[in-house]
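The structure appears below as structure tokens.
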Ligand SMILES: C[S@@+](CC[C@H](N)C(=O)[O-])C[C@H]1O[C@@H](n2cnc3c(N)ncnc32)[C@H](O)[C@@H]1O
């Protein structure tokens, strides 16, 4: 449902700030030092077996590895961000290539690979919307985590990924489902720190029914801390705190306004596109991340495995099973397709 506040704010931004349409890498990925907020286990943090999120991360590693049948093979990581999952999967693969439309992300992935001493992962950039810089039938498997829906035309991107995948090869897609935002998060807000004195206010206008989102990005000469303080109520920043009068008050500090439109297919749409493109099978399954999280919950603090090796041992078996189990479409936002 479109609320009055939402309508007014976005109309005001369109009229007063004339936001420049741009791609997602121009919108945000080129500007972030770390796309993950330095949160990734192994890549940015030591593995911590008492942290549920770290188990989920290991579950996702084996998910991508088993779903692509990628052990000892040549894999593509489409849109690796900070090097995820390429850098955690690389030790088990023959070779991983990460391709990203953001040169900044490629630079960060290369740095992270170097810091981790990973030599069989390489990263390349290309221009968004153009053909991928690979020959037909190059990769044994493809991993795409929250990335296809960040491209200007996800269906066209899937055609490209089909082209570079070998016959019989598998692609594993982890997608951002807009259904997660229903009942209150159709309008949303995020503040990203750009420098100590500059931040970006991102306002989301999600259209769940029509499977797309508009993100408005306002670069503001104000620290993230200050902006957060000015639009918080009870310590919480929410879309409802942003008003036109507030935007008018800070208008002189807004140095850039952008808008980025992203398409977010539902599980049903992904499956129909994959089949139309020619994939022999497209199977929504449970995710290794979810399984690893539930496994973590089944232990107590006293009997939970505590080393990386013992956690991996426990996780691997269960991930192998769940990633082959068909799930109701949209239950877990992961799909495996076979060329
Ligand atoms: C949400 S991030 C996901 C990063 C990482 N896969 C993860 O899950 O942590 C989306 C990534 O897709 C990349 N991206 C955006 N447009 C792209 C395009 N046209 N081709 C390839 N990658 C793209 C972004 O630069 C970013 O690295």
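The values are calculated or read from the model by the stated rules, or taken from the named source; none is laboratory data. Keep in mind that what you see is a predicted model, and the values were worked out from it rather than measured. Heads up, the Cβs are rebuilt from the backbone with ideal geometry, glycines too, and the neighbour counts pull from every protein chain shown.
So here's what we get for this one:
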read-out	value
Filter pass, residue 56 being at pLDDT 95 or above and under 25 Å from residue 314 (Cα atoms)	yes
Failed item, numbered, when residue 141 is tested on (1) within 16 Å of residue 174 (Cα to Cα); (2) away from the ligand (no atom under 16 Å from the Cβ); (3) in contact with a strand residue (DSSP E or B) (Cβ under 7 Å, 6 or more places away or on another chain)	(2)
Odd one out for residue 130 among (1) near the ligand (Cβ under 9 Å from one of its atoms); (2) surrounded by 23 or more Cβ atoms within 10 Å (Cβ to Cβ); (3) more than 19 Å from the chain's Cα centre (by Cα)	(2)
Candidates 87, 116, 165 - the one that is within 12 Å of the ligand (Cβ to nearest atom) and farther than 30 Å from residue 214 by Cβ	87
Residues satisfying the stated conditions in region 166-195, i.e. out of contact with any helix residue (DSSP H, G or I) (no Cβ under 9 Å at 6 or more places or on another chain) and either at pLDDT 95 or above or part of a strand (DSSP E or B) (or both)	166, 167, 168, 169, 190, 195
Entirely in region 233-305, the helices (runs of 4 or more DSSP H) that have 2 or more residues that are buried (at least 20 other Cβ atoms within 10 Å of the Cβ) and in contact (Cβ under 8 Å) with a residue 40 or more places away in the chain	267-277, 288-298
Options 118, 191: the member that is surrounded by 14 or more Cβ atoms within 10 Å (Cβ to Cβ) and either free of Cβ contacts under 8 Å to residues at least 24 places away in the same chain or under 19 Å from the mean Cα position of the chain (by Cα) (or both)	191
Those residues of region 32-46 which are surrounded by 19 or more Cβ atoms within 10 Å (Cβ to Cβ) and either within 10 Å of the ligand (Cβ to nearest atom) or closer than 24 Å to residue 219 by Cβ (or both), in sequence order	32, 35, 40, 43
Cβ pairs under 6 Å, 6+ apart, first in region 78-103 and touching a residue at least 60 places away in the same chain (Cβ under 8 Å), second near the ligand (Cβ under 6 Å from one of its atoms) and assigned to a loop (DSSP other than H, G, I, E, B)	78/147; 79/147; 81/35; 100/79; 100/80; 101/128
Residues of region 57-74 classified as within 13 Å of the ligand (Cβ to nearest atom) and in contact with a strand residue (DSSP E or B) (Cβ under 8 Å, 6 or more places away or on another chain), total	4
Residue in region 296-305 that is within 20 Å of residue 145 (Cβ to Cβ) and either within 21 Å of the chain's Cα centre (by Cα) or at pLDDT 95 or above (or both) present	no
